[in-house]
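The values are calculated or read from the model by the stated rules, or taken from the named source; none is laboratory data. The structure displayed is predicted, hence computed values, not measured ones. Positions of Cβ are generated from backbone atoms using ideal geometry, with glycine treated the same way; all protein chains shown enter the neighbour counts. SASA here: full protein model, heavy atoms, side chains in, ligands and nucleic acids out. Shrake-Rupley method; radii C 1.70, N 1.55, O 1.52, S 1.80 Å.
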Amino acid sequence: MTIRKRYTGLIETYRDRLPVADGTRLISLGEGNTPLIQLQNIPRLIGKDVDIYVKFEGLNPTGSFKDRGMTMAVTKAVDEGSQAIICASTGNTSASAAAYAVRAGIKAFVLIPEGKIALGKLAQTLMYGAKIIQINGNFDQGMALVKEIVDHAPVSIVNSINPFRLEGQKTAAFEIIDELGTAPDYHCLPVGNAGNISAYWKGYKEYSTDIGSLKAVTNKRPVMCGYQAAGAAPFIAREMIDHPETVATAIRIGRPQSWDLAWAAQRESEGWFDAMTDEQILAAQKLLSSNEGVFCEPASAASLAGALHDIKLGNIPEGSTIVCTLTGNGIKDPDIAIKQCKDAHPVTIEADLDAVKKAILDSL
């Protein structure tokens, strides 16, 4: 019997490409190593000769891509002696920060916009025991407060303005190349705070460049395509906006913290930004679930909605290999999912064989 080496997280896997010393205590929950799933039915439904893969980050320990950056951010915070971390969040960051703080044995403080956080994400943060501070304002106002509070309290910020967050998140690009053997032609992502598109581009560049003793894995880099919700689209407006609104709560952000880095990723990769309506985003979420068995949260589906839109227009040509990042698990936002399935009510029958048989046969 061959014994496979146990996977212990992305820092250990890519230690030679991350700023971590040999003796550093690693704060990990086994994050990373998420599946790259090739879509089988949707390309056939749209009638296009394209290879579409989804990088399902919703299968990280707390159900979102945030764990990739959080393992690095909290590892470095603990290494530097921090006893507490803080973040502003629309939900996923708060859940991740709280979980990794528990793992590290330190405190977590999270600022969330009152009434603007999905139930699944709030439940996680509560269960992990973080100190939750609700503000009468949006994420952008919370982020401004977090940036100020570090001058008045001994806490480390673990939002994506923390450079170690992007160091961890870039490993998703490494995994994609390791699995495909090269970079995709196009990489499509949801864009909210814009740290993820910035981190992926950093990863693709590093894997295609000789760095010290590390040789390039591939000489190819993808075109980076970032998609926002139409009601929260500062990259389309080309300026910050103050009152973002969208059903996709994870990208309901009007003042992205990685603004300059994201524009650089778009420019250097010769990519683009675009905006999808809430209707397009929810339709893509349902399409993915009902045709491929992959259940992502609404914000995640912006990447697939955008990819399908640009495939239809010919901006992404046939014959292309496309990766869409799905940032979070659908269970994060159960209310939206249930509303989408309002016509699919359970059938109530008598508890006997004939009734069950009839219910099955009537539906075939």
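Observations
- Checking the Cα-Cα distances for Lys107/Lys147; Lys76/Lys116; Lys48/Lys220; Lys170/Lys342 against a 28 Å cut-off, the pairs over it are Lys76/Lys116; Lys170/Lys342.
- Spatial separation of Cα centroids for the stretch 145-203 and the stretch 253-310, in angstrom: 16
- With 18 Å as the limit on Cα-Cα distance, the pairs of Lys312/Lys339; Lys205/Lys312; Lys66/Lys332 that go past it are Lys312/Lys339; Lys205/Lys312.
- One way to sum up the overall shape of the stretch 228-285 is the equivalent ellipsoid from its Cα gyration tensor, whose semi-axes run 20, 14, 9 Å, largest first.
- Based on alpha carbons, the Rg and Dmax found for the stretch 1-46 are 16.8, 52 Å.
- Per residue, the Cα convex hull of the stretch 12-99 amounts to 123 Å³.
- Percent of alpha-carbon pairs separated by more than 13 Å within the stretch 106-157: 60
- Orientation-averaged projected area, Cα convex hull of the chain (nm²): 22.2
- Computed magnitude of the charge dipole of the chain (debye, nearest 20; Cβ of K, R +1, Cβ of D, E -1): 700
- Relative contact order (percent, whole number), the chain, Cα cutoff 8 Å, 6+ residue spacing: 19
- When the chymotrypsin sites (Phe, Trp or Tyr not before Pro) in the stretch 240-273 are filtered for DSSP coil states and for at most 16 other beta-carbon atoms within 10 Å of their beta-carbon, no site remains.
- Per residue value of the accessible surface for the chain (all protein chains in place, 1.4 Å probe), Å²: 45
- Whole-number percent relative contact order across the stretch 1-69, with pairs defined as alpha carbons under 8 Å at least 6 apart: 28
- For the chain, the longest site-free run once trypsin sites (Lys or Arg not before Pro) in DSSP loop states with at most 10 other Cβ atoms within 10 Å are removed: 26-214
- Close amide H pairs (under 5 Å, H built 1.01 Å from N) link Met276 with Gln228, Ala229, Ala230, residues at least 5 positions away or on another chain.
- Based on C-alpha pairs under 8 angstrom that are at least 6 apart in sequence, the stretch 261-344 has a relative contact order of 28 percent.
- Its Cα gyration tensor gives the stretch 178-309 an equivalent ellipsoid, and the semi-axes of that ellipsoid, as √(5λ) in whole Å with the largest first, are 27, 19, 11.
- Karplus-based coupling profile of the stretch 301-311, in residue order and whole Hz: 5, 4, 5, 5, 4, x, 4, 4, 4, 7, 5, with θ = phi - 60° in 6.51 cos²θ - 1.76 cosθ + 1.60 and x standing for Gly or Pro.
- Counting only protein heavy atoms and a probe of 1.4 Å, the accessible surface of the chain is 52% carbon and sulfur.
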